[in-house]
Amino acid sequence: MLTLKRTLLGMGIAIAVIMLSYIIYKNNTKSFSPEDTVEYNSGDLDLEVFYNRPYKKDRLIFGGLVPYNEVWRTGANEATTFFT
């Protein structure tokens, strides 16, 4: 019985640490590229796109930040999600 209590306590502590780490990570990675969501509804059709908006911040993108002949990843932080 004591072993079960210790196991459950250990699991609870591990879950709390993981959740706290996730919250800290989420709060610190969104500061420069804010989240945005676009929704479209028409009849039975429901579409939603969730993405992080990159900021140009007066930078030269092509030929500056992104060299010519290279792919520019237009998203920021997390991958864009598309729900239907």
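The values are calculated or read from the model by the stated rules, or taken from the named source; none is laboratory data. In this text the structure is predicted, and so the values were computed from the model without any measurement. No Cβ is skipped: glycine too gets one built from the backbone with ideal geometry, and neighbour counts run over all protein chains shown. For accessibility, only protein heavy atoms count, side chains too; no ligands or nucleic acids. Shrake-Rupley method; radii C 1.70, N 1.55, O 1.52, S 1.80 Å.
The table below gives the values:
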read-out	value
Under DSSP loop assignment and at most 16 Cβ neighbours within 10 Å, longest chymotrypsin sites (Phe, Trp or Tyr not before Pro)-free interval of the chain	1-31
Label-to-label distance, nm, for residues given as residue 23 and residue 45 (7 Å Cα→Cβ offset)	4.1 nm
Length-normalised contact order for the chain - Cα pairs under 8 Å, 6+ apart - percent	27 percent
Reported label for calculated Cα extents along the principal axes in Å given (i) 51, 25, 23; (ii) 65, 43, 22; (iii) 48, 29, 21	(ii)
Helical contribution to [θ] at 222 nm, DSSP H n ≥ 4, -39,500 (n - 2.57), averaged over the chain, rounded to 500	-12000 deg cm²/dmol
Accessible area of residue 17 in the full protein assembly, 1.4 Å probe (Å², nearest 10)	80 Å²
Tally of Lys pairs whose C-alpha atoms are under 25 Å apart, taken over the chain, 8 or more apart or cross-chain	4
Within the chain, longest stretch free of exposed trypsin sites (Lys or Arg not before Pro) [DSSP loop, at most 15 other beta carbons within 10 Å]	1-29
